[in-house]
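Working notes, beginning with the structure itself.
The values are calculated or read from the model by the stated rules, or taken from the named source; none is laboratory data. Source: prediction; values computed, not measured. Please note: Cβ atoms are built from the backbone with ideal geometry, for glycine as well, and neighbour counts cover all protein chains shown. When the accessible area is computed, the model is the full protein with side chains, heavy atoms only, and any ligands, DNA or RNA have been set aside. Shrake-Rupley method; radii C 1.70, N 1.55, O 1.52, S 1.80 Å.
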Amino acid sequence: MPKNRNTFSFLARWPRRAASRAVHLGWAWAQRAGAVTAEHPGRLRFRAIGTGTRLAFPQGTVFGEPWIELGAHCVIGEQVTLTAGMMPDLDLGPDTVLTLGDGVVLGRGSHVIADTTVTIGPDTYCGPYVYITSTNHSYDDPHQPVGKQWPRMEPVAIGPGCWIGTGAVILPGARLGRNVVVAAGAVVRGEVPDHAVVAGAPARVVRSWDPEKGWQPPLRTPAPVPIPEGVTPEQLLALAEPDEAREAP
């Protein structure tokens, strides 16, 4: 009798397992087929999209592509919004509005809203749910709903090599220098110098690089040691094993 119950239980679970496997396989196929690349742009017609750049599927809201330039080897996560202009089907003139340099990474759920010029320098990495915008609502007229008032627009420039943490907000007019670190959840406006770390809302500089003194205040942890060239995956796995396992005959 126990064997029969096990048999019936297995038979009852089998259709669900089969359906689950089919769904996962189908979704994996959709992710591959729906990704946007230079070779397979789908419905999107960017002004430029570099070699090796990939927009993961499903994409977020994307419009104004003729005024968007994506460099080479960019990684755009799922549900990332990229827009040029306040709404689709506008003529924004001859110049590029939104530019991503080579090697830019935009984490899942991020938004880049470019109603006027937004430039993200090469090798800038953004964590998930980062919000970068050149537009903000105005509230000059106290008698009108804020959402109905004409917004203010200011260009945004993010220098090369920056790291922007999860949930950070880059506001209109922000100008970030080279290799700037933006802490998770920070709200950045105004100018940030090269080699600075900013945190808070509004963000302020909490650490900066001095050519003579190094990082001020000093870093609390030692710098990571890079993996030497020529190290194989097998050697790395051996290093990860416990000492006892390496010493065993």
How do the pairs read when you match residues in region 121-137 that are over 19 Å from P155 (Cα atoms) and in a loop (DSSP other than H, G, I, E, B) with residues anywhere that are open to solvent by 10 Å² or more (accessible area, probe 1.4 Å) and among the aromatic types (F, W, Y), using Cβ under 9 Å and keeping only pairs 6 or more apart or on different chains? G127/W163
Could you tell me which residue of region 141-162 is farthest from T119 (Cα to Cα), considering only residues that are surrounded by 12 or more Cβ atoms within 10 Å (Cβ to Cβ) and hydrophobic (A, V, I, L, M, F, W, C)? V146
Would you please list the contacts, defined by Cβ atoms under 9 Å and residues six or more apart or on different chains, that run from a residue in region 204-231 that is in contact (Cβ under 8 Å) with a residue 60 or more places away in the chain to a residue that is open to solvent by 80 Å² or more (accessible area, probe 1.4 Å)? none
Sort through S138, S134 and tell me the only one that's at pLDDT below 95 and open to solvent by less than 20 Å² (accessible area, probe 1.4 Å). S138
What is the one condition in (1) crowded, with 19+ Cβ neighbours inside 10 Å; (2) touching a helix residue (DSSP H, G or I) at 6+ places or on another chain (Cβ under 9 Å); (3) farther than 30 Å from W150 by Cβ; (4) not aliphatic (A, V, I, L, M) that G101 does not satisfy? (2)
Which one is nearest to P151 (Cα to Cα), of the residues in region 106-118 that are surrounded by fewer than 19 Cβ atoms within 10 Å (Cβ to Cβ) and under 14 Å from the mean Cα position of the chain (by Cα)? H111
